[in-house]
Every structure is written in C-alpha cells, then in structure tokens.
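What follows is a set of notes on a single structure, which appears directly below.
Coordinate-derived values only; no laboratory data. The structure displayed is predicted, hence computed values, not measured ones. Note that we place each Cβ from the backbone using ideal geometry, even for glycine, and neighbour counts take in every protein chain shown.
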Amino acid sequence: MSKNVYQFIDVKRIDPAKKSISERKINFVEIYQPMGNEQSAGQADRCLDCGNPYCEWKCPVHNFIPQWLELVTENRIFEAADLCHETNSLPEMCGRVCPQDRLCESACTLNDEFGAVTIGNIEKHITDTAIAQGWKPDLSHVIKTDKRVAVIGAGPAGIACADVLTRNGVEVVVYDRHAQIGGLLTFGIPSFKLEKDVIQTRREILEGMGIEFRLNTDVGTDISFKDISDEYDAVFLGLGTYTDMTGGFDNEGAKGVYNALDFLIGNTQNLMGITKADNAQVKPYVNFKDKKVIVLGGGDTAMDCVRTSIRQQATSVTCAYRRDEANMPGSPREVQNAKEEGVNFEFNLQPLDIAVDEQGTAIGIKFVKTQLGAPDANGRRNPEPIPDSAFVMEADAIVIAFGFLPSPPQWMVDAGVELDARGRVVAVDNSDFALQTSKQNVFAGGDMVLGSDLVVTAIDQGRKAAMGILDFITQ
Ligand code: FAD
Ligand code: SF4
C-alpha cells in the first residue's frame, strides 16, 4: 500500500512528555520521557517526504532523515540505527542536545503551519532502542590496515574521528585528561539534558569496536606530544576551547563569583563520584543551597547554570541578560525549560561591577538598565545604557557565563601548529587532506578549529578529519 503523505494533517506534532516540575526541580535526570515505538512511528509517519529534504541539508552531518523516518514507521529499528551511523557517530547524543529548533527541524517543510517532524527525538529513539535491543556496529567487512592514529581529546570531535578511522581498519588510541570520555558531553552538559550512563553505553560500543581509551592522561604533562607524534602515522587534535570570557568589570575575582564551566564540571564530577584521588582535573564542588544566585549571560551555558542552581535548592535564581528576550543567543527550548523550573529572567541589564562587603565577598551586582540601539554591521542591535538607571541587585553567589575563547596549549604551538589571530587552529576541510594543520601529520577539528560551537559540528569535523587522515596515511 502506498504511503499516505497527508498524514501530517490529522496527526499533530507531539513532543515527548516532560517529567513533573516538582521532580525536575530536585533531580539531575533527563526531563523528557522516552517516546515509545508507537508514538515514534506515528510522528515519523508525519514526514511529507517532500523530495527536497531541507532538513538533511540544515543538519550539519547531513543525516539521511527521511529515509530513517520511513524505517521507523516500519519498525525496522536496527536498519534505521545502521543508517543513522552512516552519517553520525553519536546520534543518541545529537538527538538529545542538538538545538533542533535552529537546525534540522527549523528546515522541515511542515514547520510553518503544521509543526516540524520531531526529528531529534526520533533519532534518539532509534539509537536508544536499537542499543537496548543489542544493536552493535557491524565491522565484519572491515579490512585491517597496519596504520595507527592517535586522537588527543575524547570529546565529540575526537570520538567521531576515532569512529570513522576504526571503521576503515585503522588502529586508534584516544588520549584524554579526564576520567571518562565525552569531553563537554560528559562534564559540561548537565545530566538533566544528557544522562551520563548514555555516554558509558557509547564508550562500551566504541571499546567493543577496538578503540582504546587512555584516560587520566594529560598530554603535555603525563606524556609528551612529541612521543605521540613519533609513535603514530598521524595525530588528530580535538582539545576543545576552555578559556572563560570575562566581563572586564571590577571585583570579578571576588569570593562568591564563579565561572560557569568550573561550576558545571564540579557539579557533574560530584554527581559521578569522581574525586581528586581519581583524577587531577577535578574542579571544586560548589553548592548553592539556600543562596540567592544571579547568573550573567543569555546563552545555553547560562541556562545550564540556572537550572543546575535550581536543582541545588538555591533560594532564588535570576538570569540577567543585557539584551531583550528576542535577542537571547540561547535555544528558546532551554529558556522555556528554565522558566518552567522557576528561574527568574531580568532582561536589558548590563553589569557594571560586583558589589562586595568589607571582607571582599560578593553581595550583589551593580547593573545599569539598557535599551537596544540601532543595528550594527551584522544587523544585531547593541544594548545602550540608560542614564541614571544604575542599581544593585543582591546576591550570595554570582556565576559568569559569557562563553569561551580558544585555549591552545603551549606544546601545540611549540610543535609548529599554526593558529589564526583568534587562537583557533588553522585547518580547513576543502584542502588536499581535509582538516590537516600546518604540521603534515597533524589534523584538528571541533571547537579548537571552529571556536566554541556545537556537538554536531564537532562530530562533523571529526568525521571529515578522519577522511583527511585516511587520504594522508594511504597516499
Ligand atoms: P570538547 O567536548 O571540549 O572535548 C575536548 C576534550 O579534549 C576534553 O575531553 C578534554 O579533556 C580533552 N583535552 C583537552 N586538552 C587535553 C590534553 N592536554 N590532554 C588530554 N586531553 C585533553 N552543544 C550542543 O550541541 N548542545 C548543547 O546543549 C550544548 N551545551 C553545552 C553546555 C555547556 C556548558 C558547554 C560548555 C558547551 C555546550 N555545547 C553544547 C557545546 C559542545 O559541548 C561543544 O561544542 C563540543 O563538546 C565540542 O566538542 P570538541 O570535541 O571539540 O571539544
Ligand atoms: Fe537534527 Fe542534530 Fe540529528 Fe542533525 S544530528 S538530524 S541537526 S538532531
């Protein structure tokens, strides 16, 4: 029987149910209930099969979305999982954390009137269900080579590179300074967006494929880059971006002021039970119970900080942002989740300095109110201070979430890897060997090349670099 392509008229878009607010406010577990087979098949069947799959083009890894949606309607989950993995090394992670409202789903033909197909949640459903039923990548056809590649950094870029190389018969060893793989997937993104056993499950799959992880190994301290570079046929660098952006105002270093990533990493490590005895990278655990918290910033990291503070039982949590809500850089979905969980939003406020007591401890933030001025060259309206509008908002704890700048290690610079003016590694994907750096045998990808970006773009770069490495080591 031929498919009823008008299914979307009768079947509305239904997002997965969220757990109750009372449960969400105290638990560090994912807030969305899984979509079962029936709901997933019904939602997948809404795909119009429009013939011009803009969703596929807007997806940075160009997933075969309409094709795996169709397999889901036929309950052919293992085939759907195989197809997902042809373009994406970590589909269960992307299904959870991609900002679909800016990527695949924003491009769905049904978007305007009927509501986009729930692409991200179906991708998550396919992978979670297949893995739970015993799906494993089929490597029976892989012909082993005698080539060996080192990957430094077990974040999404490094994992994706290792995945593609292994599927092409290359032996891969992945080094990371943390005690678990995943990079920011594990330690940056809180478990209410991505539970940590999802990463452990993926680690078991990758190890089952033959990938070796050498964790708790800081390259530059525990092993030199030269030793690695000498031992392998090529090296991939996926070290991420870890320099916190600061506001440049007075008393930013006061007691009671925290940077976003250290706060989030410390909280996740505490939940995972990782202590200093296990790993040198452990960040202090800070608990905001019974504190008045202000988070500065309007991006996804700021949303992760406010929602973490709520779960730590802070007395009040305020997100202060210098533009209006329409101009927030964060995903509207995450802003909505934060609002539901009780976060208070204050817009059009520019911090001037941190107010401190005689001991130098933060007691609040001096703000000036802002209004949006004329658009700049990029079309973005900059906030302008309103005269005589300064005031102090009280706080016991302040988190600065202004984003991240590149953090190239000295050993990499000493080895001759070229950086651009902003400190990003220079590597392009349309060169002879995709994502090769200025050092012939060294490739790079992810945030350290793009600047702080997304999980899915890091995966895309890791996969492309793997193709560049394959071309290079087999030339
Ligand atoms: P990373 O994930 O940073 O991984 C780099 C790895 O390199 C780390 O494991 C690190 O330990 C290791 N490393 C670094 N130096 C060394 C060394 N010398 N020796 C050994 N190992 C080393 N993106 C989304 O798409 N959706 C989201 O919801 C989202 N939320 C985010 C929330 C937060 C708080 C943050 C900070 C980022 C978020 N992002 C999100 C962005 C996303 O996590 C990153 O773009 C992505 O993880 C980059 O991948 P990567 O592999 O380049 O780097
Ligand atoms: Fe959408 Fe991300 Fe999946 Fe691509 S990888 S289909 S952008 S959720």
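Give the long-range amide H neighbours of VAL174: residues separated by 5 or more places, or on another chain, with amide H under 5 Å away, using H modelled in the peptide plane at 1.01 Å from N.
Placed amide hydrogens put VAL151, GLU212, PHE213, ARG214 under 5 Å from VAL174.
Between rounded, prolate and oblate, where does segment 327-390 land on the alpha carbon gyration tensor, with a ≥ b ≥ c its root eigenvalues, rounded for a/c under 1.5, else prolate if a/b exceeds b/c?
oblate
What whole number of Å gives the distance from the Cα centroid of segment 88-104 to the Cα centroid of segment 1-57?
Answer, in whole Å: 14.
Any idea what diffusion coefficient the chain gets from Stokes-Einstein, in µm²/s, Kirkwood Rh on alpha carbon pairs, 10 °C, 1.306 mPa s?
Values: Rh = 23.7 Å.
Calculated translational D: 67 µm²/s.
Can you list the HN-Hα couplings for segment 18-33, worked out from phi with the Karplus curve (6.51, -1.76, 1.60; θ = phi - 60°), rounded to whole Hz and with x for Gly and Pro?
Going residue by residue, I get 9, 5, 5, 4, 4, 5, 5, 6, 10, 10, 9, 10, 4, 8, 8, 6 Hz, with x marking Gly and Pro.
Suppose every K and R has +1 on its Cβ and every D and E has -1 on its Cβ; what is the size of the dipole of the chain about the Cα centre, in Debye to the nearest 20?
620 debye
Take the Cα coordinates of segment 180-324, assign each an equal point scatterer, and use the Debye formula without solvent to give log10 I(q)/I(0) at q = 0.21 Å⁻¹.
Each listed q maps to, in turn, -1.44.
Whose amide H sits under 5 Å from the amide H of ALA179, counting only residues 5 or more places off or on another chain, with H placed in the peptide plane?
Answer set, sorted by chain and number: ASN216.
Taking only DSSP H segments of four or more residues, each worth -39500 (n - 2.57), what value at 222 nm results for the chain once the sum is divided by all its residues, to the nearest 500 deg cm²/dmol?
Per the formula, -9500 deg cm²/dmol.
Past the 29 Å Cα-Cα mark, which pairs from LYS289/LYS339; LYS25/LYS58; LYS283/LYS369; LYS196/LYS255; LYS124/LYS226; LYS136/LYS226?
With Cα atoms farther than 29 Å apart: LYS25/LYS58; LYS283/LYS369; LYS196/LYS255; LYS124/LYS226; LYS136/LYS226.
Dipole size in debye (nearest 20) for segment 278-415 around its Cα centre, Lys and Arg Cβ +1, Asp and Glu Cβ -1?
Dipole magnitude for segment 278-415 comes out near 240 debye.
In vacuo Debye scattering of segment 330-464, one point per C-alpha: log10 I(q)/I(0) at q = 0.14, 0.19, 0.21 Å⁻¹?
Log10 of I(q)/I(0), two decimals: -0.92, -1.10, -1.19.
I need the GluC sites (Glu not before Pro) found in segment 94-136, filtered to DSSP loop residues with at most 11 other beta carbons within 10 Å of theirs.
GLU113
Want the number for VAL413 to GLU86: 0.36 nm per residue separation, take away the alpha-carbon distance, what's left?
Stretched out fully, the VAL413 to GLU86 stretch lengthens by 114.3 nm.
Can you tell me the length gained on complete extension of the stretch ASP218 to VAL426, counting 0.36 nm per residue apart and subtracting the Cα distance?
72.6 nm
Just need the relative contact order of the chain here, percent rounded to a whole number, with Cα pairs under 8 Å and 6+ apart.
Worked out over the chain, it gives 16 percent.
Give me the distance between the Cα centres of segment 121-153 and segment 184-227, rounded to whole Å.
Their Cα centres are 15 Å away from one another.
Hey, what does the equivalent ellipsoid look like for segment 180-262, semi-axes from the Cα gyration tensor as sqrt of 5 times each eigenvalue, largest first, whole Å?
31, 21, 10
Express in % the proportion of alpha carbon pairs of segment 245-400 at distances exceeding 23 Å.
40 percent
Based on alpha-carbon positions alone, could you give the equivalent ellipsoid semi-axes of segment 6-133 from the gyration tensor, as √(5λ), descending, whole Å? Present the calculation step by step, with values, prior to reporting the outcome.
Values: eigenvalues 94, 61, 44 Å².
Values for segment 6-133, descending: 22, 17, 15 Å.
Counting only DSSP beta bridges with both residues in segment 245-400, what percent are antiparallel, rounded to the nearest 5?
45 percent
If you keep only loop residues by DSSP, which trypsin sites (Lys or Arg not before Pro) in segment 343-447 have at most 12 other Cβ atoms within 10 Å of their Cβ?
Listed in order of number, the matching sites are ARG380, ARG422.
Report the residues of segment 127-157 in range of a label on ALA280: point 7 Å along Cα→C-beta, backbone N strictly under 20 Å from it.
151-155, by backbone N distance to the label point.
Return the whole-Å distance between the Cα centroid of segment 246-300 and the Cα centroid of segment 418-460.
Rounded to whole Å, the Cα centres lie 29 Å apart.
Using the Kirkwood formula over every pair of different C-alpha atoms, what hydrodynamic radius in Å results for segment 373-425?
About 16.0 Å for segment 373-425.
Taking 56 Å as R0, compute the FRET efficiency from the Cβ-Cβ separation of LYS339 and HIS141 and round it to 0.05.
Calculated value: 0.65.
Give me a comma-separated list of calculated 3J(HN,Hα) values for segment 443-448, in order, Karplus coefficients 6.51, -1.76, 1.60 applied at θ = phi - 60°, integers in Hz, x for any Gly or Pro.
Result, ordered by residue: 10, 8, x, x, 4, 6 Hz.
Please report TRP68, TRP135, TRP57 as a ranked list, fewest other C-beta atoms within 10 angstrom at the top and most at the bottom.
With the sparsest Cβ surroundings first, the list reads TRP57, TRP135, TRP68.
By counting other Cβ atoms within 10 Å of each Cβ, how are PHE402, PHE391, PHE263, PHE236 ranked from fewest to most?
Least crowded to most crowded, the residues run PHE391, PHE402, PHE263, PHE236.
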